[in-house]
Amino acid sequence: MNHLIAPSLLSADFLNLEKDIEMVNASVADWFHLDIMDGMFVPNISFGFPVMEKIAKKAKKPLDVHLMIVDPDRYIERFKKTGAYFISVHYEACDHLHRTVLAIRDLGAKAGVVLNPHTPVHLLEDIIRDVDMILIMSVNPGFGGQKFIEHSIPKIEQLKALITATKSPALIEVDGGVDLENAPRLLKVGADVLVAGNTIFSSPDPAETIRKLKNI
């Protein structure tokens, strides 16, 4: 398949959020990426249901919801009702990951699992066949605009090998420091979905930057 682009609204202008949503709607982007942070799992707070509800009303593309929260099981049903297409939970935040993944899929959403930079790929061996996507964090989660961690490249290669060996249907998503320079390398080693925030929304022409990322 052709790779997908998911602009991260964490880097959008929250005083003009509707304008940025309409820009993404009109662009060649595929998804909206929503980072939900609780100030506990990560040292930052982003936005919750009231903002997401407004986004869902304006967005014309699927909502890719990344939960950076403790005990995500408490909220997955509400996130689905609020409009989530993908719900991704952190391996590090789930005591019973398989149960959480099945609960997401039972609700009718796509299920993703997220790995922090320090978490090795081999820990996914017993879950890889049951998920729709693996999100590799290429920065430490919590803040936008961070520098890309180079070790993410061989990590994506390892994940691609595991997916191939197990015949898993899982997509590989990459989030953190993605830009026009490293995007070709990420795609070459197996990434299917590129999340970009600061690269898109801080550029002079965000829609053109999305187009360039899509056409790599």
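A compact table of results
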| quantity | calculated |
| --- | --- |
| Cβ-derived FRET efficiency at R0 45 Å, ALA56 paired with HIS151, nearest 0.05 | 0.80 |
| Span-like helix ranges in the chain, DSSP H, alpha carbon extent 15 angstrom or more, Kyte mean at least 0.0 | 152-166 |
| Length-normalised contact order for the chain - Cα pairs under 8 Å, 6+ apart - percent | 22 |
| Charge tally in the Cβ shell below 12 Å around ALA109, where Lys, Arg are +1 and Asp, Glu are -1, ALA109 excluded | +1 |
| Set of lysines with alpha-carbon distance to LYS54 below 23 Å, sequence-local pairs under 8 removed | LYS19, LYS80, LYS81, LYS110 |
| Order of SER11, SER152, SER203 - criterion: other Cβ atoms within 10 Å of each residue's Cβ, fewest first | SER203, SER11, SER152 |
| Residues in region 26-41 reached by a label modelled at ASP13 [backbone nitrogen below 18 Å; 7 Å Cα→Cβ] | 26-27 |
| Cα-projected label distance for ARG105 with GLU208, points at 7 Å along beta-carbon direction, nm | 4.4 |
| Sequence-separation-based contact order of region 112-192, relative, with Cα cut under 8 Å and 6+ spacing, percent | 35 |
| Least to most buried among ILE104, ILE156 (fewest other Cβ within 10 Å first) | ILE156, ILE104 |
| Dipole moment magnitude, nearest 20 debye, the chain about Cα centre, only Lys, Arg, Asp, Glu C-beta charged | 500 |
| Sites ALA161 and ARG74 - FRET efficiency at Förster radius 45 Å, r taken between beta-carbons, to 0.05 | 0.85 |
| Cα-based equivalent ellipsoid of region 1-121: semi-axis lengths in Å, sorted from largest, via gyration tensor | 23, 16, 15 |
| Two-decimal Rg/Rh across region 140-216, once Rg and the Kirkwood Rh are taken from alpha-carbon atoms | 0.99 |
| Ellipticity estimate at 222 nm from DSSP helix runs (n ≥ 4, -39,500 (n - 2.57)) divided over the chain, nearest 500 | -9000 deg cm²/dmol |
| Under 22 Å from the Cα of LYS188 - lysines, other chains or at least 8 residues apart | LYS147, LYS155, LYS160, LYS167, LYS212, LYS214 |
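Any read-out appearing in this document is the output of simple, stated calculations on the displayed coordinates, not a laboratory observation. Computed from a predicted model, the values in this text were never measured in an experiment. Ideal geometry is used to build each Cβ from the backbone, glycine not excepted, and the neighbour counts take in all protein chains shown.
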